[in-house]
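Report on one structure; see the data block that follows.
No value in this document is a laboratory result; all are computed from the given coordinates. All figures in this text were calculated on a predicted structure; none of them were measured in a lab. Counting neighbours? That spans all protein chains shown, and the Cβs are built from the backbone with ideal geometry, glycine included.
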């Protein structure tokens, strides 16, 4: 069930839309108390803005403001110009510059909620969560009883994994409006993510009371009930950064070892991405039959990440150490999901997870060269092929090609390049835009690099 939209750059995203006073120039009494120079500079600023010369418009509006700082039209036009320049800077990925402009716009029009949300969205995008919290609280102070405002902020902080703050806001919305369906949906998904299945079920049951017949909600509710039934007799244990829920009949002596592996992964994979989540990550460990009942994955699948990390206990004579690779693999998926806002293509996601796991690029090369009659998959078509792979050998080739692609990127641009790719994708850039921005290459160029690597002796 998707969250509500981020509402990023709502209304002001279209250039010049914010120059709301332009239509009033014909009003003779609008500038009755303004100097002639202020009136002229304001008019000049609007004309420059119409020609998309935002910097020129800002200079004109600033001059008008210096001549008449009390004219509301001039103040509003100047704030809107700062805001629209900030939007353009965000579109060009200059977030530090955008913050400067949004803060200047906020200073001129502190009551403008859309400008405040542009600033908040940018702070969340660069993960300056301390400042984002302060800005969110100032917006809430302006609109303490507006459900739509509270929902927008809750959605932003849910995506940032600040579940406590998001839950508090969603519950506040429901105090204002107990039948608010978006708030119930968001709160239900948040409870589900945190492992509170009964709370999630309660929220979705309420939603169905107001929107009966919704097939997707009905199916999600069935999923929750199925998991509740399977996990009815499960136990749980916490470490600093993880909660593991596990079957009582399973090898409990393994749980402490698994928690140690996850904490090791927290440091190791966190260093890879320079990100260390503050919220506990949910992990569920199943018997092999239960894992397949939940995941519907083939028997050889070693784990699943769907917002939670799900692992099967290995069968036969084995040790907890045999799960260490799967722990690193699935935790990497968790961080990529957060940092990439769920927009990372499957090949990149799986390649990074294998890199974190420590799989050798040479073993991947051997897999692909073992049967050269099978063609390589084009990077653009990877995701659909992953979702339709039916055999273990086909999946192995897809994983091998993914690892080689990511390893070649890491070799060329290092970890900063990897982080930049995930960041651009998370900000909504297409894969082609992202690869060109970071590597100066297209998907086709990356495909060529893979072929050349495989041809090397």
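Separation of segment 289-353 and segment 375-415 by C-alpha centroid, Å?
Cα centroid to Cα centroid, the span is 16 Å.
Give the shape of segment 340-457 as rounded, prolate or oblate, defined through the alpha-carbon gyration tensor: a ≥ b ≥ c are the square roots of its eigenvalues, a/c under 1.5 means rounded, and otherwise the shape is prolate if a/b is larger than b/c and oblate if not.
Since a/c reaches 1.5 and a/b is larger than b/c, the shape of segment 340-457 is classed as prolate.
Just check segment 232-332 against the gyration tensor rule for me: Cα atoms, a ≥ b ≥ c as the square roots of the eigenvalues, rounded for a/c under 1.5, and otherwise prolate or oblate depending on whether a/b exceeds b/c.
Since a/c reaches 1.5 and a/b is larger than b/c, the shape of segment 232-332 is classed as prolate.
What number, in percent, do you get for the relative contact order of the chain if the mean sequence gap of Cα pairs under 8 Å and at least 6 apart is divided by its residue count?
That works out to 9 percent.
Could you grab the relative contact order for segment 82-177? Cα pairs under 8 Å, six or more apart, rounded to a whole percent.
18 percent
Quickly estimate the mean residue ellipticity at 222 nm for the chain, helices only: each DSSP H run with n ≥ 4 gives -39500 (n - 2.57), and the total goes over all residues, rounded to 500.
-20500 deg cm²/dmol
What is the distance in Å between the Cα centroid of segment 131-167 and that of segment 66-84?
Taking the Cα centre of each part, segment 131-167 and segment 66-84 sit 28 Å apart.
For P(r) over Cα pairs in 20 Å bins from 0, in percent, several values are listed as (i) 16, 24, 18, 14, 12, 8, 5, 1, 0; (ii) 21, 46, 26, 6, 0; (iii) 22, 53, 24, 1; flag the one computed from this structure.
Matching entry in (i) 16, 24, 18, 14, 12, 8, 5, 1, 0; (ii) 21, 46, 26, 6, 0; (iii) 22, 53, 24, 1: (ii).
Can you tell me how segment 137-265 classifies by the Cα gyration tensor, rounded, prolate or oblate, using a/c under 1.5 as the rounded cut?
Verdict is oblate for segment 137-265.
Using the alpha-carbon centroid of each, what span in Å lies between segment 234-264 and segment 199-228?
Here the answer is 29 Å between Cα centres.
I'd like the FRET efficiency for residue 292 and residue 256, computed as 1/(1 + (r/R0)^6) with the beta carbon distance as r and R0 of 22 Å, rounded to 0.05.
About 0.30, to the nearest 0.05.
So if we plug the beta-carbon distance of residue 37 and residue 420 into 1/(1 + (r/R0)^6) with R0 = 56 Å, what FRET efficiency do we get, rounded to 0.05?
FRET efficiency, residue 37 to residue 420: 0.75.
Between residue 214 and residue 319, what length in nm is gained on full extension when 0.36 nm per residue of separation is reduced by their alpha carbon distance?
Separation in residues times 0.36 nm, less the Cα-Cα distance, equals 33.3 nm.
Sort 230-241, 421-432, 184-195 for me by packing, meaning the mean count of neighbouring Cβ atoms within 10 Å per residue, highest on top.
184-195, 421-432, 230-241
Can you figure out the FRET efficiency of residue 448 with residue 393, using R₀ = 22 Å and their beta-carbon distance, to the nearest 0.05?
0.30
How many percent of DSSP beta bridges within the chain run antiparallel, rounded to 5?
Given both bridge residues lie in the chain, the antiparallel proportion sits at roughly 45 percent.
Hey, for a label at residue 279 modelled as a point 7 Å past Cα toward Cβ, could you say which residues of segment 324-347 have their backbone N under 17 Å away?
Those under the cut-off are 331-343.
So how much slack lies between residue 366 and residue 143, counting 0.36 nm per residue of separation and subtracting their Cα-Cα distance, in nm?
Gain in length upon complete extension: 74.3 nm.
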